[in-house]
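Each value in this text was obtained by applying a stated rule to the coordinates, not by laboratory testing. As the structure is a computational prediction, the values presented were derived from the model and not from experiment. Positions of Cβ are generated from backbone atoms using ideal geometry, with glycine treated the same way; all protein chains shown enter the neighbour counts.
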Amino acid sequence: MSQETAKGRTLTFNIFRYDPQVPGDKPKMVKYQLEEAPGMTVFIALNRLREEQDTSLQFDFVCRAGICGSCAMVINGFPTLACRTLTAKYPKGEINLMPLPGFELIGDLSVNTGKFMRELAERLKLWLHPISDDIDVHRLEAPMDPAEAAKLYELERCVECGVCVSACATKQMRDTFVGAVGMMKLARFELDSRDGRELEDFYHVIGNQDGVFGCMTLLGCQDNCPKDLPHMQQIAYLRRKMAVTLV
Amino acid sequence: MKLIYTDSLVIGAGLAGLRVAIASKERGLDTVVLSLIPAKRSHSAAAQGGMQASLGNTVKGMGDDEDVHFQDTVKGSDWGCDQDVARMFAHCAPKAVRELANWGVPWTRVTAGPRQVVVNAEKVTIEEAESAHGLINARDFGGTKKWRTCYTADGTGHSLLYAVDNKAISMDIPVHERMEALSLIHDGTRCHGVVARCLITGELHAYVAKSTTIATGGYGRIYEVSTNAIICEGVGQALALETGVAKLGNMEAVQFHPTAIVPVGILTTEGCRGDGGLLRDKDGHRFMPDYEPEKKELASRDVVSRRMTEHMRKGKGVDSPYGPHLWLDITLLGRKHVETNLREVKEICENFLGIDPAKDWIPVRPTQHYSMGGIRTDKTGQSPQLKGLFSVGEAACWDMHGFNRLGGNSLAETVVGGMIIGKYVADFCQDNTLEINTGLVETFVDKVRSEIDELVEGQGTESPFVIRKEMERIMMDYVGIFRNGPELEKAVAELQELLKRSRVIGLKCKKRHANPELVEALRVKRMIKVALTVASGAAARTESRGAHAREDFPQRNDKDWLNRTLSSWPDENSLSPELEYEQLDVMKMELPPGYRGYGIDNAIAHPDTAKREQEISEILAQLGTDADRHQQQNALMPFDVPESLKPKNERLSEMLENLSAGEIAK
């Protein structure tokens, strides 16, 4: 087990504080200090700060295991999942926490990614559109190429944490840009042989500046994605596909 | 206060809740789902291993069917389950898997030809049939006779939840996120909805509905170390308990998973052992064959957890600052397997332990994992005490798991249970009218409002965080893997003290809107009551069955304890739940209690067991040899499922047989 950290080290957390529901409240950074423990993650640290120092501190965690995507925040300048960020990673012991930009702020480090993702799903119709609705669940299932199934799963590993959106310069400049998450999901359905949509259908939603032609290829999405999803490859793939539809 | 009306109200947006919502919406009913968090973040996403369904596509699953799945489930439950429900479940599981494929789940598929797998620490080659190519694959899981667990790599829960939530979005089912239900609205016989609090604005909403379905998952977070997400706090069970009318079933049945990583308690899937991973002690010795020579690492979860604990008590654990642990060794599976089929496990090992599991052993120990108990329902998922209140998934005691759940049956229960119970919920909504009594609604809203007033403005001094930590410690220390009378009595007494203290909580943060301390205070008050049902039930049950293991009563006692514990809380000022028991009728069982297949057979037999066995052989003899397995089953224990789910499941083996029979006929 390699969980050693500098024992007894005092960590300094500078945390963004702002409650948009309190009239006149001003955004500010607040400093907290905490003794580091072996194996400490930002999840453990934030919970201890809330329990022992400031019970009003707002942040989101659900699985605390890197599976659900709820705890994305900006840690020392980089958007990432707080639950699996070990404090030992920061040799100076100084950790700055900011909420993810690009989403509605609920308060402090908590942002409304759920609302964003649901709206995106509705806008881009991010669900399987089966070729036939007339499928009998009592009969043997339709076979599928094992390699296709494996590839679909690889693209499906997105946890909707919002990191790619917050790390995207285009998204920061143009609010209507669908972002890597939307395109990754469309690429997943485009690849799925069970989906009845044609390229024209996808062109209709992402064949423009808000979609594949708006991406500036700055790689923020791919560099920061906690699931290492191949965003750029998929965006490039979709872009070629969309270009084909124009011919 | 906002008043919202709907037909079908669902609390909880995990797989079970969403599946019920879909069933309601399919029937044209107005449907609303409440959730603490965005639906796709639900704990269902964390299930890695897979879901059981007897498709029988792979060579290691050949010969599998509903009968084998049923028997595994009943034995797994240590005969504590409802056999009717286990039958309904086994019958519908293949349908659910196939339905999910139609909704977009990229199930891992069978590749025809030879492939290398690890079985009992040895590499063996199995050959998949040409005819099975592209059909849904299955892997090995503990406690099952056949390879039956369908999966997508080790992200099965994730891909299922995404497919089902996408389906719900496509059907325009609203999910009211960051909305916490705090009280059921009821008149003592019928449930009319809930009072909920918006976690952003703090506003109270009354949702009035024909049916209310609680699908809030388990109560693992009453324990200090749990594999559960931090939202699995038992508030759904508390909602039912606090009606004073609805009852909870088998709350003491709490499962520990053998292989959570140390210290944080994050799970490594049973798929690790299913795919051939081994457990080793501090000397590197593979110890499971010493205890369970037949099933080894793939014995039932409760058995493996206890054997690990026994072994560590012998001093064979690896010392660590967090207490002793053992090793899970998946290095023998090879890097390619680890990086494709056990990818989540690899990520967890890298991020939380800084190790490479293709090369290093993983530190593990048994950790609280699953709640077999929950809101007691009948076969249709409805509370027998409170009409219009349904429950499904881990929140419920439906009761297909009895006293121990088999791996791969929880994910299956969410979607299969949701599929079946969803239809009964829709039936109920169609057969009943919406009853709105605004006076009744206001009474319940006022009660929650004054509870919040008291917390924010009252003179209380206790910290909700401190109380919660105390509760978690008590449950961990005294209501764990091995239990005994004196410790359980201590747990009950200490929890009662804590319950008193929870009545005088005072808050430092006085906000009425988004206020994490207020959220914690409202929850912990309810969680302690749930913890008391677990501890009290365990103290009263003087036998060992499934995951409930009493050191002072090591025998499974069918003579006195073949029953289900029911707990209720009729007097809200009381410090303990009321316990009563619901008998299981051996004379109605398809599979009377027998030897489970682990260790020595020390069960105290039920007097009816021999009688029922005799009766079964007579029924079968009468049917004659011409009867097929469906006719035999129906003669022994007929069961019912909604009409549209009744057809038989087609299987590859039967198709091939029919095909060859057809050729012969030609």
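Hey, got a sec? Which trypsin sites (Lys or Arg not before Pro) in segment A:63-116 land in a DSSP loop and have at most 16 other Cβ atoms within 10 Å?
Hits after loop and neighbour filter: A:Lys92.
Would you please state the base-10 log of I(q)/I(0) at q = 0.06 1/Å for the protein assembly as shown, with intensities from the Debye formula using one equal scatterer on every alpha carbon?
Each listed q corresponds, in turn, to -0.38.
Sticking to Cα atoms, compute the Rg of chain A to one decimal and its Dmax as the biggest Cα-Cα distance, whole number, in Å.
Values for chain A (Cα only, Rg and Dmax): 20.9, 65 Å.
If I fit a long axis through the Cα atoms of helix B:438-457 and take the longest principal axis of the Cα atoms of chain B, what angle between them do I get, 0 to 90°, rounded to 10?
On a 0 to 90 degree scale, this one is about 80.
Compute the FRET efficiency between B:Arg449 and B:Thr542 as 1/(1 + (r/R0)^6), taking r as their Cβ-Cβ distance and R0 = 60 Å, and round to the nearest 0.05.
0.90
Once the Cβ-Cβ distance between B:Asn484 and B:Ser320 is put in as r, and R0 is 22 Å, what FRET efficiency do you end up with, to the nearest 0.05?
For R0 = 22 Å, the calculated efficiency reads 0.30.
Run the dipole for segment A:112-245 about the Cα centre, Lys and Arg Cβ at +1, Asp and Glu Cβ at -1, nothing else charged, and hand back the magnitude in debye, nearest 20.
Charge dipole, segment A:112-245, about its Cα centre: 520 debye, nearest 20.
Over the Cα atoms of segment A:33-171, compute the convex hull volume and normalise it per residue, giving Å³.
Normalising the Cα hull of segment A:33-171 by residue number yields 185 Å³.
Rounded to two decimals, what is the ratio between the C-alpha radius of gyration of chain B and 2.2 N^0.38 Å?
Cα-based Rg divided by the globular estimate yields 0.93.
Taking one equal scatterer on every alpha-carbon of segment B:467-567, how large is log10 of I(q)/I(0) by Debye at q = 0.12, 0.24 1/Å?
Relative scattering, expressed as log10 I(q)/I(0), comes to -0.47, -1.20.
Along each of its three principal axes, how wide is the spread of alpha-carbon positions in segment A:112-245, in whole angstrom units, largest first?
Taking max minus min along each principal axis of the Cα atoms, segment A:112-245 gives 50, 31, 28 Å.
How many percent of all Cα-Cα pairs in segment B:397-481 sit more than 22 Å apart?
Beyond 22 Å sits 67 percent of the P(r) for segment B:397-481.
More than 24 Å apart: what percent of Cα pairs in segment B:166-273 qualify?
42
Just to check, using Stokes-Einstein with a Kirkwood Rh over alpha carbon pairs, what's the diffusion coefficient of segment B:98-232 at 25 °C and 0.890 mPa s in µm²/s?
The diffusion coefficient I find is 127 µm²/s.
Determine the gain in length on full extension of the stretch B:Glu310-B:Asn573; use 0.36 nm per residue of separation and subtract their C-alpha separation, reporting nm with one decimal.
Separation in residues times 0.36 nm, less the Cα-Cα distance, equals 90.6 nm.
For segment A:10-110, max minus min Cα coordinate along each principal axis, in Å, sorted largest first?
For segment A:10-110, the Cα spread along each principal axis is 40, 28, 24 Å.
Modelled label-to-label distance, A:Thr245 and B:Ile126, 7 Å Cα→beta-carbon offset: nm?
The two pseudo-label positions are separated by 4.2 nm.
How many nm is it between the label spots at A:Arg139 and B:Lys588, if each spot is 7 Å from the Cα in line with the beta carbon?
For the pair A:Arg139/B:Lys588, the computed spacing is 3.7 nm.
Identify the residues of segment B:172-191 with backbone N under 12 Å of a label point that sits 7 angstrom from the Cα of B:Lys387 along the Cα-to-Cβ direction, or state none.
Once the point is set 7 Å along Cα→Cβ of B:Lys387, B:187-191 turn out to lie under 12 Å by backbone N, inside segment B:172-191.
With the crude spin-label approximation of a point 7 Å out along Cα→Cβ, what separation in nm comes out for B:Ala493 versus A:Asp223?
For the pair B:Ala493/A:Asp223, the computed spacing is 6.2 nm.
For chain B, what relative contact order do you get, as a whole percent, if you take Cα pairs closer than 8 Å and at least 6 residues apart?
Reported as a whole number, the value is 19 percent.
Sum up the charges of everything whose Cβ sits under 12 Å from the Cβ of A:Arg157, counting Lys and Arg as +1 and Asp and Glu as -1, but leave A:Arg157 out.
Residues near A:Arg157 contribute -2 overall.
Which residues among segment B:357-397 fall inside the zone where the amide N is under 17 Å from a point 7 Å beyond the Cα of B:Glu26, along Cα→Cβ?
B:380-381, B:392-393
In bins 5 Å wide, starting from 0, what share of all Cα pairs of segment A:89-153 does each bin hold, as a percent?
3, 11, 10, 11, 13, 11, 10, 9, 9, 5, 4, 2, 0
Show the residues, 5+ positions off or on another chain, whose built amide H is closer than 5 Å to the amide H of B:Ile355.
Placed amide hydrogens put B:Glu350 under 5 Å from B:Ile355.
With θ taken as phi - 60° and the coefficients 6.51, -1.76 and 1.60, list the Karplus ³J(HN,Hα) couplings across segment B:517-522 in order, rounded to whole Hz; mark glycine and proline as x.
Each residue's phi maps through the Karplus curve to give 6, 5, 4, 4, 5, 5 Hz.
Calculate how large, on average over all directions, the projected area of the Cα convex hull of segment B:1-119 is; give the answer in nm² to one decimal.
Across all orientations, segment B:1-119 yields a mean hull projection of 11.1 nm².
At q = 0.28 Å⁻¹, what is the base-10 log of I(q)/I(0) for segment B:242-311 according to the Debye formula with one equal point scatterer per Cα and no solvent? Please give it to two decimals.
-1.44
Sequence gap of 8 or more, or different chains, plus Cα separation below 23 Å: how many lysine pairs satisfy both in segment B:289-344?
4
Using only the Cα atoms, what convex hull volume per residue in Å³ does segment B:255-369 have?
It comes to 91 Å³ per residue, whole-number rounded.
If you plug each phi of segment B:557-569 into the Karplus form 6.51 cos²θ - 1.76 cosθ + 1.60 with θ = phi - 60°, what whole-Hz ³J(HN,Hα) values come out, in order, with x for Gly and Pro?
Residue by residue, segment B:557-569 yields 10, 5, 4, 10, 10, 7, 8, 10, 7, 10, 10, 9, 9 Hz.
Given H placed 1.01 Å from N in the peptide plane, which residues other than close sequence neighbours of B:Ile604 have an amide H under 5 Å from its amide H?
Sorted by chain and number, the residues that satisfy this are B:Arg556, B:Asn557, B:Asp558, B:Lys559.
Taking the inverse of the average 1/r across all pairs of different Cα atoms in segment B:576-666, what Kirkwood radius in Å do you get?
The answer is 17.3 Å.
For the protein assembly as shown, what does -39500 (n - 2.57) per DSSP helix run (n ≥ 4), summed and divided by total residues, give at 222 nm, in deg cm²/dmol to the nearest 500?
It lands at -11000 deg cm²/dmol.
Can you figure out the FRET efficiency of A:Ala169 with B:Lys508, using R₀ = 35 Å and their beta-carbon distance, to the nearest 0.05?
0.30
Amide H of A:Leu100: which non-local residues (sequence gap of 5 or more, or other chain) have their own amide H closer than 5 Å, using H built in the peptide plane?
Distant-sequence amide H within range of A:Leu100: A:Val74.
Over the Cα atoms, compute the radius of gyration (one decimal) and Dmax (the largest Cα-Cα distance, rounded to a whole number) for segment B:41-82, in Å.
In Å, with Rg to one decimal and Dmax whole: 13.3, 37.
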